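Please read the structure below before turning to the comments.
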Amino acid sequence: DAFRGELGAVQNRFESTIRNLSAVSESLTAANSRIRDADFAAETANLSKNQVLQQAGISVLAQANALPQQVLSLLQG
């Protein structure tokens, strides 16, 4: 009976350890998901910002390219 009691206690400790490790695993998975979601949101915001900056740069470049033509027209006119 003593051996069975010890064996049962060991089995209970193993089951408790398994439950604890399962909870830790779930917590890590949830934390990993939150980190990945946060990174995705930040990268999406950076992409939008860079697209706006690119469009602004193209617009400024187009205006700069048109300026010599306008000056030439004024000088000829």
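Observations, loosely collected:
Every residue, every condition in (1) out of contact with any Phe, Trp or Tyr (no Cβ under 8 Å at 6 or more places or on another chain); (2) among the basic types (Lys, Arg); (3) modelled with pLDDT of 95 or more; (4) surrounded by 10 or more Cβ atoms within 10 Å (Cβ to Cβ), yes or no:
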position	(1), (2), (3), (4)
Asp1	yes, no, no, no
Arg4	yes, yes, no, no
Lys49	yes, yes, yes, yes
Ser59	yes, no, yes, yes
Asn65	yes, no, no, no
Pro68	yes, no, no, no
Gly77	yes, no, no, no
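- Test result for Leu28, surrounded by fewer than 10 Cβ atoms within 10 Å (Cβ to Cβ) and either of a type outside the set (Ser, Thr, Tyr) or not in a helix (DSSP H, G or I) (or both): no
- Residues in segment 11-36 that are of a type in the set (Val, Ile, Thr) and modelled with pLDDT of 95 or more: Thr17, Ile18, Val24, Thr29.
The values are calculated or read from the model by the stated rules, or taken from the named source; none is laboratory data. If you're wondering where the values come from, they're calculated on a predicted model, not measured in any experiment. So basically every Cβ, Gly included, is an ideal-geometry build from the backbone, and we count neighbours across all protein chains shown.
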